[in-house]
Amino acid sequence: MGCIFCNIIEGKADASFIHKDDDVVAFMDIRPVSKGHLLVVPIQHGSSPEDLPEEIVTKTFETALRIARGVKTSELAPAGINLFLADGKAAGQEVFHLHVHVIPRYGDDGFHISADAWAEAPPDRAELGDTASIIQRAI
Ligand code: AMP
Ligand code: ZN
């Protein structure tokens with residue numbers, strides 16, 4: 001079995017690298033949803049942010065933001081950028097080695113974000129407040 005991202009980091013599997021330092025790498029996604037779709041990956045293996053030292057997760061996001069800024073000013077000239085992290089199977093995680101997607105957007109590019117809830121009435125202020133309290137108590 002093994003972890004495909006660990007294999008890439010160890011040079012045992014192919015990748016098109018954008019960045020490498022002591023803690024974080026970035027390489028092109030093998031099935032890009034848009035031109036320039038890339039992944040920012042900590043070298044240390046961990047599936048979820050809680051599995052890794054906070055400074056490594058922070059550095060991963062900082063690197064993703066820095067690369068996203070570069071993508072914006074690059075010849076790719078996207079109209080926008082999505083940053084995306086899937087934490088857990090239910091969130092769509094398929095590779096269980098933490099990674100932040102940097103997804104350049106080009107207007108009508110065929111990558112859709114949708115939710116059934118958008119077809120329903122939104123929660124009222126009281127419900128939003130209750131949910132806010134639940135989260136507030138946990139942080
Ligand atoms: P996620 O659903 O967030 O776990 O996404 C995993 C991502 O990893 C997908 O976008 C895949 O296309 C990408 N991926 C899987 N294997 C490779 C690989 N060998 N090299 C580059 N990207 C990969
Ligand atoms: Zn790994």
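Output the residues belonging to region 1-35 that are touching a residue at least 12 places away in the same chain (Cβ under 8 Å), more than 10 Å from ligand 1 (Cβ to nearest atom) and either part of a strand (DSSP E or B) or at positive phi (or both).
Answer for region 1-35, where residues must be touching a residue at least 12 places away in the same chain (Cβ under 8 Å), more than 10 Å from ligand 1 (Cβ to nearest atom) and either part of a strand (DSSP E or B) or at positive phi (or both): Ile18, His19, Val24, Val25, Ala26.
Do we find a residue being charged (D, E, K, R), within 25 Å of Gly2 (Cα to Cα) and over 14 Å from the mean Cα position of the chain (by Cα) anywhere in region 35-50?
So in region 35-50, the residues charged (D, E, K, R) come out as 35, 50.
Right, trim to within 25 Å of Gly2 (Cα to Cα) and you get 50.
Add one more test, that the residue is over 14 Å from the mean Cα position of the chain (by Cα), and what stays is 50.
The answer is yes, given that some residue of region 35-50 is charged (D, E, K, R), within 25 Å of Gly2 (Cα to Cα) and over 14 Å from the mean Cα position of the chain (by Cα).
Has region 53-60 got any residue that is in contact with a Leu (Cβ under 8 Å, 6 or more places away or on another chain) and within 16 Å of ligand 2 (Cβ to nearest atom)?
There is at least one residue in region 53-60 that is in contact with a Leu (Cβ under 8 Å, 6 or more places away or on another chain) and within 16 Å of ligand 2 (Cβ to nearest atom).
If you take the residues of region 36-56 that are assigned to a loop (DSSP other than H, G, I, E, B) and either closer than 21 Å to Ala91 by Cβ or modelled with pLDDT under 95 (or both), which of them is nearest to ligand 1 (Cβ to nearest atom)?
Here is the first cut: in region 36-56, the ones assigned to a loop (DSSP other than H, G, I, E, B) are 36-37, 43-48, 52-53.
This time we only want the ones that are either closer than 21 Å to Ala91 by Cβ or modelled with pLDDT under 95 (or both), so: 37, 44-48, 52.
Values: His37: 7, Gln44: 17, His45: 14, Gly46: 13, Ser47: 10, Ser48: 12, Leu52: 15 Å.
Top of the filtered list is His37.
Quick test for you: out of Ile9, Ile43, Ile30, Ile4, pick the one residue that is among the aliphatic types (A, V, I, L, M), within 16 Å of ligand 2 (Cβ to nearest atom) and surrounded by fewer than 14 Cβ atoms within 10 Å (Cβ to Cβ).
Values: Ile9 fails: surrounded by fewer than 14 Cβ atoms within 10 Å (Cβ to Cβ); Ile43 fails: surrounded by fewer than 14 Cβ atoms within 10 Å (Cβ to Cβ); Ile4 fails: surrounded by fewer than 14 Cβ atoms within 10 Å (Cβ to Cβ).
That would be Ile30, the only listed residue that is among the aliphatic types (A, V, I, L, M), within 16 Å of ligand 2 (Cβ to nearest atom) and surrounded by fewer than 14 Cβ atoms within 10 Å (Cβ to Cβ).
All but one of (1) within 30 Å of Asp108 (Cα to Cα); (2) free of Cβ contacts under 8 Å to residues at least 12 places away in the same chain hold for Ile67; state the number of the condition that does not hold.
(2)
Quick check on region 66-74. Is at least one of its residues touching a Gly at 6+ places or on another chain (Cβ under 8 Å), within 16 Å of ligand 2 (Cβ to nearest atom) and of a type in the set (Gly, Ala, Ser)? Walk me through it before giving the result.
Looking only at region 66-74, we keep the residues that are touching a Gly at 6+ places or on another chain (Cβ under 8 Å), and these are 71, 74.
Still in the running and within 16 Å of ligand 2 (Cβ to nearest atom): none.
Checked against the condition, which is being touching a Gly at 6+ places or on another chain (Cβ under 8 Å), within 16 Å of ligand 2 (Cβ to nearest atom) and of a type in the set (Gly, Ala, Ser), region 66-74 yields no hits at all.
The values are calculated or read from the model by the stated rules, or taken from the named source; none is laboratory data. Just so you know, these numbers come straight off a predicted model, no measurement behind them. Ideal geometry is used to build each Cβ from the backbone, glycine not excepted, and the neighbour counts take in all protein chains shown.
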